Protein chains: 2
Amino acid sequence: MSALERNAAGRLVPTSVNGREMAPYRGLGGHRPTGRKAAPAVATCLDYPEDGDKRAPTLKEALAKVGLADGMVVSSHHHLRNGDLVANMVFDAAAELGVRDLMWFPSASFPVHSNQIRHLDSGVLHHIEGSMNGPLGDYCSQGRMRGLGVLRSHGGRWQAIQDGEVHVDVAVIAAPTADPFGNATGDRGPAACGLLGFALADSLYADRVIVVTDNLVPFPCIPWQIQGNNVDAVVPVPSIGDPAKIVSGTTVVTQSPDRRRIAELAARFCAAAGIMRPGFSFQAGAGGTTLAFTIYLRELMRSAGVTARFARGGSNTVMVDMLRAGEVEYILDGQTFDLDGVTSMASDPRHVNTSPFTSYNFHGKGNFASFVDIAVLGATEVDLGFNANVVTHSDGRLLHGIGGWQNCLAARCAMLLVPSFRDRIPVIVDEVTTLCGPGELVDVVVTERGIAVNPRRQDLLDAVSGSGLPIRPIADLKAELDRLCGVPSRPTLSDQPVAVVKWVDGTVLDTVWRV
Amino acid sequence: MSALERNAAGRLVPTSVNGREMAPYRGLGGHRPTGRKAAPAVATCLDYPEDGDKRAPTLKEALAKVGLADGMVVSSHHHLRNGDLVANMVFDAAAELGVRDLMWFPSASFPVHSNQIRHLDSGVLHHIEGSMNGPLGDYCSQGRMRGLGVLRSHGGRWQAIQDGEVHVDVAVIAAPTADPFGNATGDRGPAACGLLGFALADSLYADRVIVVTDNLVPFPCIPWQIQGNNVDAVVPVPSIGDPAKIVSGTTVVTQSPDRRRIAELAARFCAAAGIMRPGFSFQAGAGGTTLAFTIYLRELMRSAGVTARFARGGSNTVMVDMLRAGEVEYILDGQTFDLDGVTSMASDPRHVNTSPFTSYNFHGKGNFASFVDIAVLGATEVDLGFNANVVTHSDGRLLHGIGGWQNCLAARCAMLLVPSFRDRIPVIVDEVTTLCGPGELVDVVVTERGIAVNPRRQDLLDAVSGSGLPIRPIADLKAELDRLCGVPSRPTLSDQPVAVVKWVDGTVLDTVWRV
């Protein structure tokens, strides 16, 4: 058991994680990286076929060919979300090869990946570093994994690879379309998902890169979101994923009156505060509430005759419609959430695919997240200091990943859109179970019962005064919720860490304890 | 003076160049790299403005801000060709700052850059590593530069940066369009040049990157051929270049009957040899002869009902017309040579910008050059062993760069299209003045007096037998030329190296001697 230390957020965190020293969180801007980027081995064309044909007959043979061995780090990506078939193939093949103690480094995992529980149990997998949505998170929460889970944001994952904290031995990239050289794209093919940005870092820094596709085209695969010059082998398979579970055919707006009210209040806040000004920018995903937000915002933009310079996706049909109508000039997209998003990215040059490098990497020469005007996000808990949790539930169970959530907090106005309670459990609490976002960065919390503005943002408070919006101190909101629901008892958590939450700069922000 | 060693091509080369050890050429496939890629320092967003505005008022201030200092390596790029104004601004500003002994590392230099002769004379510049077309090459030939010139192919330049052989301290990128964050593109703006691929390596590996633009647009600049996340400063200037000298308004086909015959013979060879088959690929530039080749090839393709999967640019109006007509499916473009090329790249997703990484880097996991069916190239000299020269004239003067020429020799059929003599000097010689391309890779030499096929390519000889094409042994061609022109006396060159020619794998292929 590693030593624990109290970090700058007052959280007890291990100073060593899975055998690597890790700096505790030192406060915003408190950590300055030293050193140089990871340096992959120099390759040579002598080792690759002159005709560019890198096909391997099976994934198992490709893994054997690139030298998969005990203890290696194997990465995969969540572009195909809960429809992904490839990550399971990888570890099934690894099991057949008799390889053990692998570290799985997914950009995120989903319920479909609960297949890996048997590989964790059998020893093929040692542990997982990456977002664990659902069953794998629960498995980790129970302390059943041999190593610690490490939860990183999308930007933090790039940072960890780039900075050499995580060395990927073998990256396996599920590609909706690819050519035999390894050029690959996500924007077309039967399992089209839009983009492959989460795999970009792996393609650049991993020792070995395998592309798996169910839609092989002759060279050149255009666009080449992943460049074949970084790829070792290409494996054609009958299917990489279930299209119905990759993107939605249609996007559904929330029908909950409470959530619609939250969305409307948030949009009205943006207008009243003057953030929704000509040439502004916003980021909103495709969850039911944030989608409703986009629809309300669009109405207000139209009334005011305002257009946006860009919107950041997760793209969806509403955003695409705004692009086509000239209401946003560009979509800078990190992930497409429905078929209209995919089609638009494949056909409209103003719908641009991005990567965690452009959008989120904190160890770059700037990134886009800090100059987005409005970011609309969710949370499982918010506390009186505006600190927020997005990975555990109030019972302490790890059930969600961080995604781009931490990175988006850098926006000029980061807003959490949350119902005031879920299953009669208040969302506003004294102290979050797990700290994922420091309160200094959360500007506004919007509930159906009112809007709490972080007192650090006096500028926003001034801007909306007299707007008629229900602006309330967060403590008032909490008091009302506590009266309605009662204050739930805190869960009793063990003193055994099962995972850590990293901050965007690579420091350890908090610990997830065994339930 | 460094020691000289005879390399595997029998050429005497220095073993140390500008203070760095350099391996002599070891034959094709004889050099295997070890070690890891260059690793730039890890940056942090803490050092860059949160609003993404990296503008500096002048280039001089930007250079001072990034810490330009004596002895540093400063790079620039030849996208604006002989219309470039930026590289001269850089060294004029460096002179004003009182900086000395810089190494200039251009992707190529042109006559417009003879401005740098005064900076070489004054000591601001120590030496140049990069192609020197015209006056700077002549200056180097005369032994007036303090260091040795190092001539690398486009792929070799990427390789040298990537492998850490050349560490760029400050890269200055002339950008036809850019935003204040540093995203930049070449495909639009008053000085549009198409793409910025030659600057890509520098943007990834240089310590500091400055973008200079005369067309600043609000974030985001789309496309972002250069990513602002790699950029330190953005300098707006009134003009980065003279459009008339950047790309041609119109492309001119050679009117010389001899050169038209060469082009026609080459195209007929491709058809007769069966290389011009459905789905084939070719690379041809925009010189008068190669342009004529494309026109002849197009006619033959039409007659045969054959379309190409892709063409590699230098793009030009003819290639663009073929794309539009569906005669080629994709243009994979390394450099646009006329306005139609620029317009097409900016508007047609099938006209794709490439970089030396995708196309030419020999130290990648393959590159495109080796699976192009036909590459059509020029040369200043070819010898009886099919060895070729592209940088010096027969008088020994260094007047040309290598460009992508060496890299293109990897094509399945590399063809040199050369007039049999120039100014009454035969092009076919006993031994080339400077070895730039090993004869093993030159498959066919086409002159107006006949076609010489490398005896190593018995397959090609068999394929064209009975075609009626004037296939002749290269010795026969040479004998005929010698009868016509007489054998010119060899120039007397000194024993003082002034430059070296690197092979695509980073080894030293030959030496250029002071004239």
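Can you compute the charge dipole magnitude of the protein assembly as shown about its Cα centre, using +1 on each Lys and Arg Cβ and -1 on each Asp and Glu Cβ, nothing else charged? Give it in debye, rounded to the nearest 20.
Numbers: 92 positive and 106 negative charges, 13 e Å.
Charge dipole, the protein assembly as shown, about its Cα centre: 60 debye, nearest 20.
Tally Lys and Arg at +1 and Asp and Glu at -1 over the other residues with C-beta under 13 Å from the C-beta of A:Q225: what net charge comes out? Intermediate results must be reported in sequence, preceding the final value.
Values: positive: A:R188; negative: A:D179, A:D187, A:D202, A:D333.
Cβ neighbours under 13 Å give a net charge of -3.
Based on Cβ point charges of +1 for Lys and Arg and -1 for Asp and Glu, what charge dipole magnitude is obtained for the stretch B:257-492 about its Cα centre, in debye rounded to the nearest 20?
Dipole size: approximately 180 debye.
The spread of Cα positions in the protein assembly as shown, taken along each principal axis and listed from longest to shortest, comes to 108, 64, 54 Å. With all projection directions averaged, the alpha carbon convex hull of the stretch A:257-491 covers 12.6 nm².
A helix-only calculation puts the protein assembly as shown at -7000 deg cm²/dmol for mean residue ellipticity at 222 nm, using -39500 (n - 2.57) for each DSSP H run of at least four residues, averaged over all residues. First check a/c for the stretch B:229-288, with a ≥ b ≥ c the square roots of the eigenvalues of its C-alpha gyration tensor; if it is under 1.5, answer rounded, and if not, answer prolate when a/b is larger than b/c or oblate otherwise. Oblate, because a/c is 1.5 or more while a/b does not exceed b/c. Taking the axis that rotates chain B onto chain A, the chain B residue nearest to it by Cβ, with the distance rounded to whole Å, is B:A39, 2. Excluding same-chain neighbours fewer than eight residues apart, the lysines reachable from B:K60 by a Cα-Cα span under 27 Å are A:K365, B:K245.
At 0.36 nm per residue, and after removing the present C-alpha to C-alpha distance, how many nm does the segment from B:S303 to B:L484 gain when stretched out fully? Write out the running numbers ahead of the final one.
Working: separation 181, 0.36 × 181 = 65.16 nm, distance 3.71 nm.
So the extension gain works out to 61.4 nm.
Among DSSP beta bridges lying fully in the protein assembly as shown, give the percent that are antiparallel, nearest 5.
Details: 50 of 153 bridges.
Once the DSSP bridges in the protein assembly as shown are tallied, antiparallel ones form about 35 percent.
Under the rule a/c < 1.5 gives rounded, and otherwise a/b versus b/c splits prolate from oblate, where does the stretch A:42-166 land using the Cα gyration tensor? Verdict is prolate for the stretch A:42-166. Put in order of Cβ neighbour count within 10 Å, fewest first, the listed residues A:S75, A:S203 become A:S203, A:S75.
Compute for the stretch B:275-339: radius of gyration divided by Kirkwood radius, i.e. Rg/Rh, restricted to C-alpha atoms, rounded to two decimals. If you can, show how the numbers build up before the last one.
Working: Rg = 10.5 Å, Rh = 11.4 Å.
Across the stretch B:275-339, the Cα-based Rg/Rh ratio is 0.92.
Once Rh is set to the Kirkwood radius over Cα pairs, what Stokes-Einstein translational diffusion coefficient, in µm²/s, holds for the stretch A:165-262 at a temperature of 25 °C and a viscosity of 0.890 mPa s? Please report the intermediate quantities before stating the final value.
On the way: Rh = 14.4 Å.
It diffuses with D of about 170 µm²/s by this estimate.
Largest first, the three principal axis extents of the alpha carbons in chain A are 70, 55, 41 Å in whole numbers. Other residues whose C-beta falls under 15 angstrom from the C-beta of A:L4 contribute a net charge of -1, scoring Lys and Arg +1 and Asp and Glu -1. Over 25 Å, how big is the tail of the calculated P(r) for the stretch B:1-111, in percent of all Cα pairs? When every Cα pair of the stretch B:1-111 is considered, 50 percent fall beyond 25 Å.
Each DSSP beta bridge with both residues in the stretch A:257-491 is either parallel or antiparallel, and the antiparallel ones are about 30%.
Here r is the Cβ-Cβ distance between B:S2 and B:R36 and R0 is 25 Å; the resulting FRET efficiency, rounded to 0.05, is 0.40. Expressed to the nearest 5 percent, the antiparallel share of DSSP beta bridges inside chain A is 30 percent. Restricting the stretch B:445-490 to trypsin sites (Lys or Arg not before Pro) that sit in a DSSP loop and have at most 14 other Cβ atoms within 10 Å of their own Cβ leaves B:R456. Shape summary of the stretch B:164-211, radius of gyration then Dmax from alpha carbon positions: 11.1, 35 Å.
Kirkwood radius, the stretch A:139-200, all distinct C-alpha pairs, inverse of mean reciprocal distance: 14.1 Å.
Calculate the mean, over all residues of peptide A:33-41, of how many other protein chain Cβ atoms lie within 10 angstrom of the residue's Cβ. Before the final figure, lay out each step's value.
On the way: counts 5, 3, 3, 5, 9, 4, 7, 4, 6.
Going residue by residue through A:33-41 and averaging, the value is 5.
Based only on other Cβ atoms within 10 Å, what is the fewest-to-most ordering of B:E329, A:E440? It would help to have the intermediate numbers written out before the result.
Values: B:E329 18, A:E440 14.
The fewest-first ordering by Cβ neighbours comes to A:E440, B:E329.
Order by neighbour count: B:R261, B:R152, B:R11, fewest other Cβ atoms within 10 Å first, most last. Could you put the intermediate results ahead of the total?
Numbers: B:R261 17, B:R152 28, B:R11 21.
The most exposed by this proxy come first: B:R261, B:R11, B:R152.
With one equal scatterer per alpha carbon and no solvent term, the Debye-computed log10 I(q)/I(0) for the stretch B:241-325 at 0.10, 0.25 1/Å reads -0.25, -1.30. Indicate the gyration tensor shape class of the stretch B:388-515 (rounded, prolate or oblate), computed on the Cα atoms with a ≥ b ≥ c the square roots of the eigenvalues: a/c under 1.5 is rounded; otherwise a/b larger than b/c is prolate and the rest oblate. Taking the square roots of the gyration eigenvalues as a ≥ b ≥ c, the stretch B:388-515 is oblate. Plainly put, the tip 7 Å out from Cα toward Cβ on B:G27 is 6.5 nm from that tip on each other copy, the closest given first.
Read the figures in this text as sums done on the coordinates, not as results from a lab. Just so you know, these numbers come straight off a predicted model, no measurement behind them. Glycine also receives a Cβ, built like all others from the backbone with ideal geometry; neighbour counts cover every protein chain displayed.
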